[in-house]
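The values are calculated or read from the model by the stated rules, or taken from the named source; none is laboratory data. What you see is a predicted model, and the numbers here were worked out from it, not measured in a lab. Virtual Cβ from ideal backbone geometry, glycine too; neighbours counted across all protein chains shown.
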Amino acid sequence: MDDRITPRFSAHDHDPVKGIRGQLLTFKADPFLNAPEECYDYFADGLVVMRDGHIIDVGDYSAVAPRHDLSGGLEEYPDCLIMPGFIDCHAHYVQSPMIASYGDTLLEWLNQYTFPMESRFRDKEFADEVARIYFRQLLQNGTTTANVFSTTFASSVDAFFEESERYGTRMISGKVLQDRNLPDSLRDSSAEESVELSERLLRKWHRRGRQLYAVIPRFAPTSTPEQLRLAGELYQRHMDEGVYMHTHLDEAEDEIRWVASLFPVRSSYADVYDHFGLLGPRSVLAHCCVVREDEWNLLHRHGCGVAHCPSSNLFLGDGQFKYWEAKDPKRPLRVGVGTDVGGGTNFSIPRQLGEAYKVAMLQAHSLDALRSFYLATRGGAEVLHLENLIGSLAPGYEADIAVLNLKPTEFAAWRMKFAGNIFDQLFVLMTLGLQSVIRATYVAGCKVYDPILPVPFSYAEQ
Ligand code: GUN
Ligand code: ZN
């Protein structure tokens with residue numbers, strides 16, 4: 001992607017300068033690979049200054065405030081923590097209507113609940129309704145960027161991006177390519193036509209405002225070799241324009257066995273994707289729970305990103321993600337967090353972090369709040385190769401911001417009295433899995449969610 005930072009609303013070049021004041025935390029480097037204390041900035045009384053959708057200054061209130069005429073206003077958030085908006089590296093908005101379906105393991109769950117629901121997205125009105133509710137869930141949970149599967153139909157892609165445009169969010173999606181091993185009502189009728197449609201949607205949506213497009217073969221078992229080949233060619237043709245490839249990899253044992261039986265000549269599941277030209281720097285692989293060393297090496301060589309989806313992995317009884325393997329300093333990968341709605345059981349990134357801690361503990365590793373919240377923000381931006389645009393609070397960055405209420409309930413307020421520094425407090429927050437931790441969400445400098453207002457959600461001002 002061209003990393004040049006351009007103002008979002010050229011017509012608003014001289015928007016008034018505005019500020020947000022509160023505790024402030026932002027990451028500037030990867031704490032899995034560097035001394036953790038050098039990877040973040042924390043200000044007990046911080047100020048973010050914004051104009052034209054971008055951050056123009058950040059730091060300690062007493063140092064930053066005198067430098068600006070905050071004619072656009074100053075919003076103060078006592079007892080709150082200002083952070084970059086969360087980044088959800090893997091989700092299926094089309095599964096919002098069947099999240100929390102009592103179920104089975106992955107392949108049964110797909111057949112029983114997922115495929116019938118996704119078949120309904122041929123209907124644009126239904127897709128619009130789901131997109132509307134999905135975005136409200138994102139913003140209510142402080143998520144400002146998500147890398148999202150739609151499904152087979154153009155209507156499902158259009159509905160998603162149209163809603164994203166209304167909020168002005170930076171989002172990634174695309175048509176899902178799937179031409180075998182699923183019901184006729186959901187299946188692409190031909191590999192050629194499906195990839196042509198994907199390319200038409202790419203031309204329509206990629207880099208339109210803040211929207212970005214991904215080539216999305218669902219996973220190896222639901223595409224014919226021909227569809228994977230054409231999808232790989234499409235990805236390679238548009239890779240330099242910042243187009244993504246997004247799919248699932250190595251989630252569960254029975255899935256991995258199925259891939260081996262469908263592609264017996266390939267040396268591994270990851271090798272299937274590599275063979276068809278689907279691995280590259282903007283390839284995002286969801287799950288990666290049961291990964292062989294040769295596969296990690298392959299993913300590392302291509303600069304791929306990985307989405308760890310702990311609540312989904314627990315819910316579906318998949319394998320367990322191993323961050324220490326993914327972040328092995330000999331061949332580290334870019335790693336972020338995904339809700340994987342509707343395999344995941346909620347829309348909250350902080351709650352995923354609480355589950356990620358438990359998944360690691362089951363394997364005798366622990367994951368502290370510092371590294372967890374890095375994964376949720378800058379780590380996610382690195383997975384998406386957007387770390388120069390989003391995921392941190394620094395001058396030049398897009399002003400996508402989550403304001404966390406550190407005392408959202410009576411009990412939380414009381415419990416926080418016994419917590420030490422900001423990371424101890426964040427650990428309490430993610431471990432209690434509290435609802436309503438978001439006090440406000442800003443997208444490109446506009447407040448789009450504020451639960452205290454009579455109308456909590458508002459589309460961006462255009
Ligand atoms: N593998 C292929 N499709 C899916 C899906 O919809 N959810 C999950 N968790 N895994 C998948
Ligand atoms: Zn998924």
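Report yes if some residue within the range 307-328 is at pLDDT 95 or above, within 21 Å of the chain's Cα centre (by Cα), away from ligand 1 (no atom under 16 Å from the Cβ) and closer than 23 Å to L107 by Cα; otherwise report no. Checking the range 307-328: at least one residue is at pLDDT 95 or above, within 21 Å of the chain's Cα centre (by Cα), away from ligand 1 (no atom under 16 Å from the Cβ) and closer than 23 Å to L107 by Cα. Screening the range 53-94 for residues that are farther than 22 Å from T377 by Cα and assigned to a loop (DSSP other than H, G, I, E, B) and picking the one that is farthest from ligand 2 (Cβ to nearest atom) gives D69.
Identify the residue in the range 344-377 that is polar (S, T, N, Q) and part of a loop (DSSP other than H, G, I, E, B) and, among all such residues, is surrounded by the fewest Cβ atoms within 10 Å (Cβ to Cβ). The residue in question is S366.
Can you pull out every residue in the range 210-221 that is under 23 Å from the mean Cα position of the chain (by Cα) and within 16 Å of ligand 2 (Cβ to nearest atom)?
Quick first cut of the range 210-221, residues under 23 Å from the mean Cα position of the chain (by Cα) only: 210-220.
Those that are under 23 Å from the mean Cα position of the chain (by Cα) and within 16 Å of ligand 2 (Cβ to nearest atom): A214, V215, I216, P217, R218, F219, A220.
In the range 357-380, which residues are in contact with a strand residue (DSSP E or B) (Cβ under 6 Å, 6 or more places away or on another chain) and not charged (D, E, K, R)? Passing the criteria: Y374, L375, A376, T377, G379, G380.
Have a look at H300, H308 and point out the one that is touching a residue at least 24 places away in the same chain (Cβ under 8 Å) and surrounded by fewer than 19 Cβ atoms within 10 Å (Cβ to Cβ). So that I can check it myself, show each step before the final result.
Values: H308 fails: surrounded by fewer than 19 Cβ atoms within 10 Å (Cβ to Cβ).
Exactly one of H300, H308 is touching a residue at least 24 places away in the same chain (Cβ under 8 Å) and surrounded by fewer than 19 Cβ atoms within 10 Å (Cβ to Cβ), namely H300.
The residues in the range 148-176 that are touching a residue at least 60 places away in the same chain (Cβ under 8 Å) and farther than 21 Å from C309 by Cβ can be counted, and the count is 3. Condition check for A270 on (1) under 21 Å from R371 (Cα atoms); (2) away from ligand 2 (no atom under 16 Å from the Cβ); (3) buried (at least 19 other Cβ atoms within 10 Å of the Cβ): one failure, at (1).
Would you check if G338 is touching a Cys at 6+ places or on another chain (Cβ under 7 Å) and within 16 Å of ligand 1 (Cβ to nearest atom)?
On the way: touching a Cys at 6+ places or on another chain (Cβ under 7 Å): yes; within 16 Å of ligand 1 (Cβ to nearest atom): yes.
For G338, the condition - touching a Cys at 6+ places or on another chain (Cβ under 7 Å) and within 16 Å of ligand 1 (Cβ to nearest atom) - is met.
Is there a residue being of a type in the set (K, R), touching a residue at least 12 places away in the same chain (Cβ under 8 Å), closer than 29 Å to H54 by Cβ and not in a strand (DSSP E or B) anywhere in the range 122-140? Scanning the range 122-140 turns up at least one residue that is of a type in the set (K, R), touching a residue at least 12 places away in the same chain (Cβ under 8 Å), closer than 29 Å to H54 by Cβ and not in a strand (DSSP E or B). The residue that is farthest from Y134 (Cα to Cα), among those in the range 100-121 that are of a type outside the set (V, I, T) and not in a helix (DSSP H, G or I), is D104.
Would you check if there is a residue in the range 126-134 being in contact with a Leu (Cβ under 9 Å, 6 or more places away or on another chain) and at pLDDT 95 or above? Spell out how you get there, then give the answer.
Step one: of the range 126-134, the residues in contact with a Leu (Cβ under 9 Å, 6 or more places away or on another chain) are none.
No: the range 126-134 contains no residue that is in contact with a Leu (Cβ under 9 Å, 6 or more places away or on another chain) and at pLDDT 95 or above.
L298 meets each of the listed conditions (1) outside any helix (DSSP H, G or I); (2) more than 14 Å from ligand 1 (Cβ to nearest atom); (3) of a type outside the set (K, R); (4) in contact with a helix residue (DSSP H, G or I) (Cβ under 7 Å, 6 or more places away or on another chain) apart from (1). A count restricted to the range 146-171 and to residues that are under 12 Å from D128 (Cβ atoms) and within 15 Å of ligand 1 (Cβ to nearest atom) stands at 1. Residues in the range 98-106: is at least one touching a residue at least 12 places away in the same chain (Cβ under 8 Å) and away from ligand 1 (no atom under 16 Å from the Cβ)? There is no residue in the range 98-106 that is touching a residue at least 12 places away in the same chain (Cβ under 8 Å) and away from ligand 1 (no atom under 16 Å from the Cβ).
Every condition in (1) surrounded by fewer than 24 Cβ atoms within 10 Å (Cβ to Cβ); (2) assigned to a helix (DSSP H, G or I); (3) away from ligand 2 (no atom under 16 Å from the Cβ) holds for P97 except the one numbered (3). Contact annotation: residue pairs with Cβ atoms under 8 Å, 6 or more positions apart or on different chains, pairing a residue in the range 412-441 that is assigned to a loop (DSSP other than H, G, I, E, B) with a partner that is surrounded by fewer than 19 Cβ atoms within 10 Å (Cβ to Cβ) and polar (S, T, N, Q), are L434/T409; S436/T409.
Can C39 be described as surrounded by fewer than 23 Cβ atoms within 10 Å (Cβ to Cβ) and closer than 25 Å to L353 by Cβ? Spelling it out, C39 is indeed surrounded by fewer than 23 Cβ atoms within 10 Å (Cβ to Cβ) and closer than 25 Å to L353 by Cβ.
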